[in-house]
Amino acid sequence: MTLVKESLDKYNIKMKKLIIISIVVLAVGTSLFGQNNTIKTNTEIGLRGRWQTGNTNQFAINPNAKLGLYSDSFNAELKVDYRYLKANDFIVNNDFWSSAIYQIKPNYKFYKTAIIRYGYSKSYRVDYSLFSGVGAGFNIRNKSALDRIQINVFAGYMSLKEETQNTHSSLSSGMLFKLISPISKGINLHWELQSYHSVIDFGIWGISNEVSLLYKVHPHISVNITHNTI
């Protein structure tokens, strides 16, 4: 068991490094690729916070961001979300979630896709949660990068470690539903529903639901109001 745990710990360290390297490669590679292809970018930045003093001293902060790169050949999106809440001397929330998705020929009716999702959550007593997979996507509606409905399905690997339980690692399946729709000039609605499920133990699964309203302050920069459930 010790050797298995050490192997899993090494694997998760490698996955963290892989996510960082993927960001760098994505940025550099896309820059070079963009010399011969038209690439549209979309950057979203959100920040919520609270500071309270009195009988209960509280400090909370929730920054989040998304980088999107879109072309006829591929789509790539990277998302990060961090939540921290401290009440008096107790850390109530210390949660971090990140995900990256890559789609090949995204304007086709059917396309190939890959995903990596990694995070940890003190509020849910999750030391770490990792899902990576490859699969296929289907465009239900596809007018533009900012007006589309997609459903993606994946098969891959998951590893989950909760504070009170042993690590669970297995083959897994996953799903990603995306809806992006303009509401008015400069305002768009984004809805993403993600899930992953263990193939070995159907009682082990995860789900993430996020709804955002985005307002463009610059052709490539938006601010958002977001509600999410993990």
The range 143-169: number of residues that are over 15 Å from the mean Cα position of the chain (by Cα), surrounded by 16 or more Cβ atoms within 10 Å (Cβ to Cβ) and of a type in the set (S, T, N, Q): 4
query: What pairs can you find where one residue is in the range 77-105 and polar (S, T, N, Q), the other is surrounded by 17 or more Cβ atoms within 10 Å (Cβ to Cβ) and outside any strand (DSSP E or B), and their Cβ atoms are less than 9 Å apart, with a gap of 6+ or different chains?
result: N93/K122; N94/K122; S98/I19
field: Leading residue by the ranking (nearest to the chain's Cα centre (by Cα)) among those in the range 170-194 that are of a type in the set (S, T, N, Q) and surrounded by 16 or more Cβ atoms within 10 Å (Cβ to Cβ)
entry: Q194
message: When the residues of the range 195-230 are narrowed to those that are in contact (Cβ under 8 Å) with a residue 40 or more places away in the chain, in contact with a Gly (Cβ under 7 Å, 6 or more places away or on another chain) and buried (at least 16 other Cβ atoms within 10 Å of the Cβ), which ends up farthest from L67 (Cα to Cα)?
response: Y196
Pick from the range 111-130, criterion of a type in the set (A, V, I, L, M, F, W, C) and either free of Cβ contacts under 8 Å to residues at least 12 places away in the same chain or surrounded by fewer than 20 Cβ atoms within 10 Å (Cβ to Cβ) (or both), ranking: nearest to S73 (Cα to Cα): A114
query: Could we say that A65 is among the small types (G, A, S), within 27 Å of S129 (Cα to Cα) and touching a Gly at 6+ places or on another chain (Cβ under 8 Å) here?
result: yes
- prompt: Any residue in the range 39-52 that is out of contact with any Ser or Thr (no Cβ under 9 Å at 6 or more places or on another chain), closer than 26 Å to L130 by Cα and either exposed (fewer than 12 other Cβ atoms within 10 Å of the Cβ) or modelled with pLDDT of 55 or more (or both)?
  reply: yes
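The values are calculated or read from the model by the stated rules, or taken from the named source; none is laboratory data. Keep in mind it's a predicted model, so treat the numbers as computed, not measured. In this analysis, Cβ positions are derived from the backbone assuming ideal geometry, glycine residues included, and neighbour counts consider all displayed protein chains.
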